[in-house]
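Quick note: the coordinates plus some simple rules give every number you see, no bench work behind them. Because the structure is predicted, anything quoted here is derived from the model rather than measured. As a convention, Cβ positions derive from the backbone with ideal geometry for all residues, glycine included, and neighbour counts pool all protein chains shown.
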Amino acid sequence: MLRISRISILLVLLFPVVIHAQNGEHETQSRDAPPISPAHDTEAPPIVPRDTAFGTGSGEEGARTPGRREDDPCGFSLRKPGDILLWGYGHDALIVDMQSWILHTMTSIDVIGNSVQGRPLYHMVFTNPASRIQKKRIWIHARTHPIESESSQVARAMINELLSGSELGNLLLDHAIVHVLPMLNPDGVELRYPRTNFNGVDLESNWGTALPEPEVLALREHLNMLMKSDTPIDIALNLHSAYDCKRFFIYHAAEGSSVLFTQLQQRFIGFVRDRFPGGIEPYDYFVSWTTGTPDRYPESWFWRNYREEVMALTYEDMNCAAAGDFERSARALLGGVADYLGFTGVLSTASLATPVEESLFAAVFPNPVSRDGRLTVRLRADLTARPLRISLHDRLGREVALLYEGVAAGGHTFVQPVSNLATGNYYLRAVTDRTTQTRPVLLLH
Ligand SMILES: [Zn+2]
């Protein structure tokens, strides 16, 4: 309970404008779904548009598989009992998860931009900094369409698998830099617009314009920056969910890409399917780009700018209550990544790096921390007394605050006001007679 109330307070601190808007004129507006009205409650529930109803970001209207059901009973209505749960995984849920993920030494979190309403676009990077292997770069983003909370669940399951200590997770942390932008459209999620951002724009088809919405612009600029780095993106996955009670990819035909690109896609999809026998549809279940290259989707953008350099695919998971085994989906996707990029389990240094259990820190919270708040650092309860120095540093390594210097034992808690610091990325540094440990900290307005 304490945790929830602290997060609520954090959200209030972070988003006063948003809360005002939710209570005001935007409250009853529905962007692209039928209005929610009591007068309609006795009618058959309408089906909220999902990807296969409108054509997904990577697809196009005419390319759907013939005979597809447009009103699949697996699709759900905004007005079903329990619809709040179905909308699930809001911005607060993400923050709770991030507070857990940031405790892992191989996680870093930052913000690549803001939504129209000023919500941060959180971005996480997972990799083993101790690994000396030449790494590959993986990009994953989710929740472009707010109603598709399954995409958040798949992203969440992928992160949990990466950090689980499993053989697969360690293999990826050793060999790859895995980026996850878990919520591209936080305004839409919080305001419960099924498919659009605050301005009523479907971000999935907003990639072809010179000046897109702020969410797309921020993402595009970040992707360009990564593509210019020494380690450009090898695989980009765009997570969605669809009517179909199936797991599948949006495959791009040679007519809109190239024969080589189709081979790359087929190879990747084949590896993912091998990791989940019977769980994922064949590559040609949903074929798009059959009449040329569209210009408005994320995969189109990757293709037009980087061609075969980036194997970019949209992945659609199922939304059926009877299924939704997101952990298996996540393991299949990550396993497919590892197989496609040729990672092998010969050398796993991730397992040798500092695991969470051996960290000096029991907790560093809240993280991200608001400038109105205080950063609290608690030592692990079972630490014996030892000389300790805990300091906070900016991204250039300059010490900006000294939290403690002396002899401390387990369970000690240190509290640091941060109101005098600029927003941005920092890291905590703890030095004892035996070890030096760091922990990323993000400071927000
Ligand atoms: Zn979608």
For region 104-183, one quarter of the surface area of the C-alpha convex hull, expressed in nm², comes to 5.6 nm²
Between V116 and residues 5 or more places away or on another chain, which pairs have amide H atoms under 5 Å apart, with H built 1.01 Å from N, and which residues are they? F198, E215
Going by the alpha-carbon gyration tensor, a ≥ b ≥ c the square roots of its eigenvalues, is region 86-351 rounded (a/c under 1.5) or, if a/c is not under 1.5, prolate (a/b greater than b/c) versus oblate? rounded
Placing each pseudo-label 7 Å from Cα in the direction of the beta carbon, K228 and H445 end up separated by a distance in nanometres of 2.6 nm
Counting other Cβ atoms within 10 Å of each Cβ, which trypsin sites (Lys or Arg not before Pro) in region 98-145 have at most 14 and sit in a DSSP loop? R132
Extension gain Q266-T435, at 0.36 nm per residue separation less the Cα-Cα distance, in nm? 56.2 nm
Distance in nm between pseudo-label sites at D274 and L211 (7 Å out along the Cβ direction from Cα): 4.9 nm
What would the Debye formula give as log10 I(q)/I(0) at q = 0.11, 0.20, 0.24 Å⁻¹ for the alpha-carbon point model of region 362-444, no solvent? -0.26, -0.86, -1.19
Using r as the Cβ-Cβ distance of V415 and Y306, and R0 as 60 Å, what FRET efficiency do you calculate, to the nearest 0.05? 0.80
Could you rank the peptides 185-192, 390-397 by their average count of other C-beta atoms within 10 Å per residue, with the highest value first? 185-192, 390-397
Most to least packed among 232-242, 159-169 [average Cβ atoms within 10 Å]: 232-242, 159-169
Rounded to the nearest 5, what % of the DSSP beta bridges within region 110-231 are antiparallel ones? 50 percent
Using a Förster distance of 45 Å, how high is the FRET efficiency between A422 and R386, based on the Cβ-Cβ distance and rounded to 0.05? 0.90
